[in-house]
Amino acid sequence: MQIHIAIYYTTHYPGLGSNNSLQRGNYEVDSFEYEVNPDAEAARVAKIACDKLIRDNVNKVTLRKIIYNETNDITEKVRELYIKRK
């Protein structure tokens, strides 16, 4: 099963300012986990996408908003996953 995730973020350039950007795409989720708790599974998959975005970008990235299936805001759930990791 796939869901659509949109990641709104800001890239900071030292001495030059910042740039608002959007990355979106369809991502594969575990069907069983999605049926049990869709927000948690979407947040897990979104975190993986955010990790790749941060890793691929040389400059500092700030995540502003993360939405799946056009209407469900999971920004706070993804931020909680980053806090738990530390």
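Miscellaneous remarks
- Degrees between helix 38-56 axis and first principal axis of the chain (Cα, 0 to 90, nearest 10): 30 degrees
- Test item: Cα-centred dipole of the chain, Lys/Arg +1 and Asp/Glu -1 on Cβ, debye: 580 debye
- Accessible surface computed residue by residue for the chain, with neighbouring protein chains in place and a 1.4 Å probe, gives 66 Å² per residue.
- Contact order, relative form, for the chain: 37 percent (alpha carbon pairs under 8 Å, 6 or more residues apart, mean separation divided by residue count).
- Sulfur and carbon atoms: percent of accessible area, the chain [1.4 Å]: 50 percent
- From helices alone, the chain scores -13000 deg cm²/dmol at 222 nm; the rule is -39500 (n - 2.57) for each run of n ≥ 4 DSSP H residues, then divide by the residue total.
- For the chain: span of alpha carbons on each principal axis (Å, largest first): 47, 27, 19
The values are calculated or read from the model by the stated rules, or taken from the named source; none is laboratory data. Since this is a predicted model, take the numbers as computed values, not measurements. Cβ coordinates were reconstructed from backbone atoms using ideal geometry, including for glycine residues, and neighbour counts include every protein chain displayed. We work out accessible area using only protein heavy atoms, side chains counted, and drop any ligands, DNA or RNA first. Shrake-Rupley method; radii C 1.70, N 1.55, O 1.52, S 1.80 Å.
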